[in-house]
Amino acid sequence: MAARTRTYAVVGLAFVAAVTVGCSGTGSGSGSGSTTSPAAPTAGSSSGGGGGSGGQNNAAPTESNPPGDIPDNQAFVAYRPTDGSFTGFTVKVPEGWARTGQGGTTVFTDKLNTVKITAVSAAAAPTTGSVTSKVIPQLRSQVPKFAAPKVSEVTRHSGRLVLLTYQGDSAKDPVTGKVVRDAFERYAFYRAGHEVDLTLSGPVKADNVDPWRIVSDSFAWR
């Protein structure tokens with residue numbers, strides 16, 4: 001009888017231990033579930049941090065213009081000559097650029113860029129042939145290391161005109177002594193015996209297509 005009692009006790013204890021282990025395992029699994037649920041916010045928080053970093057990466061970069069690039073926010077103002085051989089035209093030039101003039105020529109400069117305007121009397125309108133035979137030889141003797149001339153007809157708001165593009169060295173900087181390789185655009189406008197030559201120049205690698213288009217498109221007779 002005593003042996004049976006001990007046997008029942010052992011079986012009972014074993015049953016209790018099994019139930020305890022099972023409950024403990026369930027609790028552990030539940031605990032594991034409770035610790036897993038906040039993992040999503042943690043990952044989200046990490047992702048959010050990555051999003052913050054992405055926000056910083058998507059911020060607009062600080063603009064760094066190559067030498068000679070005219071800023072995108074450059075303003076332009078109308079220039080109307082009041083003296084010289086001919087004053088019957090207007091053209092927009094970059095605001096704030098230094099201005100010099102002599103006779104029928106007016107020059108606007110800023111750093112490495114130049115807008116040169118020359119008004120002369122002419123018996124006939126310039127053509128690609130006349131620019132090739134007369135203007136190019138003159139420039140070849142005036143512009144250091146003159147090269148790559150190209151003559152063509154283009155259209156601007158004022159109408160059809162002759163465009164000469166070429167390259168040459170700038171004058172030596174009086175302070176640094178450096179010489180810059182420049183690209184030139186020379187537009188020849190003509191009406192009723194008057195020719196206005198508009199020459200735009202700046203460093204070869206500068207991207208001034210848009211500013212130069214604003215200037216050349218703005219030319220108008222008055």
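The values are calculated or read from the model by the stated rules, or taken from the named source; none is laboratory data. These figures come from a predicted structure and were not determined experimentally. Don't worry about glycine lacking a Cβ; one is built from the backbone with ideal geometry, like all the others, and counts go over all protein chains shown. Just so you know, the surface numbers come from the protein's heavy atoms only, side chains and all, with ligands and any DNA or RNA stripped out. Shrake-Rupley method; radii C 1.70, N 1.55, O 1.52, S 1.80 Å.
Quick notes on this structure:
- Residues of the stretch 120-166 that are touching a Gly at 6+ places or on another chain (Cβ under 7 Å) and at positive phi: LYS145 alone.
- Checking PHE76 against (1) within 20 Å of ASN208 (Cα to Cα); (2) aromatic (Phe, Trp, Tyr); (3) open to solvent by less than 40 Å² (accessible area, probe 1.4 Å), the condition it does not meet: (3)
- Selection of the stretch 112-127 for residues being surrounded by 14 or more Cβ atoms within 10 Å (Cβ to Cβ) and over 15 Å from ASP197 (Cβ atoms) yields LEU112, ASN113.
- Qualifying residue in the stretch 194-209 (condition: modelled with pLDDT of 95 or more, farther than 25 Å from PRO71 by Cβ and not acidic (Asp, Glu)): yes
- 3 or more residues surrounded by fewer than 16 Cβ atoms within 10 Å (Cβ to Cβ): qualifying strands (runs of 3 or more DSSP E) within the stretch 135-222: 147-156, 159-169
- Only residues that are touching a helix residue (DSSP H, G or I) at 6+ places or on another chain (Cβ under 7 Å) and within 26 Å of ALA220 (Cβ to Cβ) were counted across the stretch 113-150, and they come to 1.
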